[in-house]
Amino acid sequence: YSGTIVLNPQSGVSLSDIDVVYSDLNLNFLWKPNEKHSVLLSALNTDNSTSYDVGQGMSQNMEEHAFDNQGFSMEWSHSYSEKLKGKIVTALSDYNSNYFNQLENPMGQAIDRFSRNGLRDFQTTYSLDLSTKNLNTFTAGAATQYTQVSFSNRDISIMQPPVSIAETEEGSIHAIFGNAKVISFGDFYFQAGGRLQYNDVTKQLYLSPRL
């Protein structure tokens, strides 16, 4: 927490008040039931808010920005053999941004504005890694991702009827990918791969070669 007050040097009256509150919590848990399996759980929670209270003559302006982010992920690794390994990664995140503004004019008339932006994302990836005796590595897998974006805004004033706007958009991406890493000369290696994905928003297939 951090707070700052700005005073008028002549009258000693408060001109502005700024408060900042921040919290960040992270949690990681690793479980290895045996030599072939391992599970990693991760979670986070972040809250950040900043408020301003500024007086300008007979007017008063108050603003507050608040951000929060919650996330959770699980990673499961499994060794099928010394050369073949598999991994599943699942992650969920939820991000929100809130804004509040109150402006009061000298007549005592106030205008309140509330805004909220949200982003929710869920994705899962499964991959297989195959290693050979000469340290060549081949990777193949599949992934899916779902994203939701939301926005809302509301203005309240005694001088006019309330105005509200709310929108939500969502979409998903499904992909398969492959990658080959070939050791050629000592520490030098050649790597090539590609990713084929389908976007249900654009209804299009995309091919991305990688070197």
Worksheet item: Counting just the residues of region 150-179 that are modelled with pLDDT of 90 or more and hydrophobic (A, V, I, L, M, F, W, C), which one comes out farthest from Leu84 (Cα to Cα)?
Response: Ile173
Item to complete: Would you check if there is a residue in region 133-149 being of a type in the set (S, T, N, Q), under 30 Å from Leu207 (Cβ atoms), out of contact with any Pro (no Cβ under 6 Å at 6 or more places or on another chain) and at pLDDT below 80?
Response: yes
Discussion item. With at pLDDT 90 or above and polar (S, T, N, Q) as the only criterion, which of Ser59, Ser16, Ser93 stands out?
Written reply: Ser93
Practice prompt. Can you tell me which residue among Phe177, Phe138 is surrounded by 14 or more Cβ atoms within 10 Å (Cβ to Cβ), under 26 Å from the mean Cα position of the chain (by Cα) and more than 25 Å from Asp94 (Cβ to Cβ)?
Written response: Phe177
Item to complete: Give the residue that is nearest to the chain's Cα centre (by Cα), with candidates limited to residues of region 103-126 that are open to solvent by 60 Å² or more (accessible area, probe 1.4 Å), modelled with pLDDT of 75 or more and not hydrophobic (A, V, I, L, M, F, W, C).
Response: Arg120
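The values are calculated or read from the model by the stated rules, or taken from the named source; none is laboratory data. Owing to the predicted nature of the structure, the values given are computational and were not obtained by experimental measurement. Neighbour counts run over all protein chains shown; Cβ positions are idealised from the backbone, glycine included. The area values use the complete protein model at the heavy-atom level, side chains included, leaving out ligands, DNA and RNA. Shrake-Rupley method; radii C 1.70, N 1.55, O 1.52, S 1.80 Å.
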